[in-house]
Each structure stands twice: as C-alpha cells, then as structure tokens.
Amino acid sequence: MYLRIVSVVTFLMFILGMSGCATIPEEHQGAATGAGIGALAGAVGGALIAGEGSKTKGAIIGGLAGALVGGVIGNYTVDQKKSAPETATKYNYQSSAGTVVRIEEALAKPARVRPGDKVDLEATYAVMTPYPNTQVNITEAREVRLNNELVGNPEVNVSHAAGTYTSSVPLFLPADARKGTYKVITTIKTDVGRDSRETSFIVQ
C-alpha cells in the first residue's frame with residue numbers, strides 16, 4: 001500500500017463565464033499537462049502536480065458556486081488499500097467482465113460542520129481489469145448540491161492499475177456558508193462504465 005499526495009495549485013475566479021488553464025513544468029514527472037478551470041463565479045481549480053515517483057496523471061476541473069463561493073478546494077490524496085488480486089477475489093471478478101469500477105463507500109467527514117470548517121469528500125472504489133498492470137483512465141466526479149442547487153463540482157482525472165483505492169478532496173467552507181443539508185453525489189467513471197453513490201453533510 002502506498003500514499004500518493006497530489007498538490008493542488010488553487011485560485012479563485014470572480015468573473016462569471018471566464019475560464020483558464022495552468023501549464024505544468026516538464027520536470028514534474030507524472031503530472032498533468034494542464035488544467036481546465038470551471039467557468040463558475042468563485043470557481044476554484046488548478047493543476048494537479050503528482051509527487052515524485054507517482055504515476056497519477058490528470059487535472060482538477062470544476063469549482064464552487066452559490067452557497068460555497070469563497071470556499072477552497074484543498075489537496076487531493078489517494079491511497080491504495082488493496083492489490084489487484086485482493087480486489088478481484090473480493091468481487092469474484094472474471095476477466096470476461098472487462099473493465100469494472102465499483103464504489104464501496106462514499107463519505108463526507110465530518111457529517112456535521114459549521115461555516116468555515118473543512119469537509120473531506122472521500123470515496124473508496126475498486127478497479128478491475130483483465131490486464132492488472134494496465135493503467136485505467138478514471139474520472140472522479142463529486143457533485144455538491146444544496147436544495148437541489150449545484151454549488152460545487154470538482155472533478156479529478158487520474159489513472160490507476162487494478163486495485164482498491166481511497167481518495168479524498170478536502171472542501172474548506174466559506175465563513176458565510178449557508179446552513180442546511182448538502183448532498184454529495186460521487187461518480188467514478190471509466191471509458192466503459194461508471195458507478196455512483198450519494199452521501200451528505202450538514203452545515204449547522
């Protein structure tokens with residue numbers, strides 16, 4: 001098991017409809033070549049720069065709006081929990097099934113917070129493929145809604161070999177975050193399939 005920590009270079013965009021990108025220096029091995037920034041007022045985004053020796057690739061896009069304007073998306077982390085054989089055994093996976101992803105758990109921690117607090121949007125998911133050493137392109141999408149209004153949609157593009165992973169996107173709430181129950185829909189997507197799970201947290 002190992003921990004990959006990806007630094008997120010974040011900034012705020014205050015003009016609705018504007019977008020931008022960040023280019024990663026070539027010396028950062030395993031890093032993305034750039035990052036698309038969501039065109040939402042108050043959007044937060046930036047480049048994902050992989051740690052030394054990491055095979056994680058991708059960029060974070062999307063951002064924050066509405067009740068979460070002024071908040072910040074923190075450092076994305078991912079930790080491998082089970083190997084490819086362990087994962088295949090748990091799910092009785094057969095190679096004839098092709099590439100499969102399954103969300104085991106999606107959490108918002110802690111479940112109750114106050115304005116200005118941090119919420120970790122976590123997901124544990126399994127990746128299975130007939131070729132265990134092949135990297136699978138994966139999009140981790142987290143959609144945050146308050147009263148059915150979309151207030152956050154950070155997405156992270158990564159690549160993983162077969163196995164079970166736990167990832168986390170920290171969300172730092174603004175000091176004036178509206179109170180209520182925030183629903184979080186986590187979706188793990190590959191080129192051939194997806195799985196979704198809903199959780200929530202309450203701002204008191």
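The values are calculated or read from the model by the stated rules, or taken from the named source; none is laboratory data. Given the structure is predicted, the values throughout are model-derived calculations rather than measurements. Glycine also receives a Cβ, built like all others from the backbone with ideal geometry; neighbour counts cover every protein chain displayed.
Just one of (1) surrounded by 22 or more Cβ atoms within 10 Å (Cβ to Cβ); (2) basic (Lys, Arg); (3) touching a helix residue (DSSP H, G or I) at 6+ places or on another chain (Cβ under 6 Å) fails for residue 178. It is (1). Across segment 144-162, the number of residues qualifying as more than 12 Å from the chain's Cα centre (by Cα), small (Gly, Ala, Ser) and surrounded by 21 or more Cβ atoms within 10 Å (Cβ to Cβ) comes to 1. Looking at residue 196, is it surrounded by fewer than 17 Cβ atoms within 10 Å (Cβ to Cβ), modelled with pLDDT of 95 or more and assigned to a strand (DSSP E or B)? Here the answer is yes, as residue 196 does meet what is asked. Scanning segment 38-93 for residues that are of a type in the set (Ser, Thr, Tyr) and surrounded by 16 or more Cβ atoms within 10 Å (Cβ to Cβ), we see that the one that is modelled with the lowest pLDDT is 54. Criterion applied to 165, 125, 131 was being among the aromatic types (Phe, Trp, Tyr) and surrounded by fewer than 17 Cβ atoms within 10 Å (Cβ to Cβ), and the one residue passing it is 131. Being hydroxyl-bearing (Ser, Thr, Tyr) and at pLDDT below 95 is the filter here, so list the residues in segment 170-189 that pass it. Residues satisfying the conditions do not exist here. Scanning segment 146-181 for residues that are in a strand (DSSP E or B) and farther than 20 Å from residue 103 by Cα returns 146, 149, 150, 151, 152, 171, 172, 180, 181. The number of residues in segment 127-179 being charged (D, E, K, R), touching a strand residue (DSSP E or B) at 6+ places or on another chain (Cβ under 7 Å) and under 17 Å from residue 200 (Cβ atoms) comes to 5. Of the residues making up segment 182-193, those that are of a type outside the set (Gly, Ala, Ser) and assigned to a loop (DSSP other than H, G, I, E, B) are 190, 191, 192.
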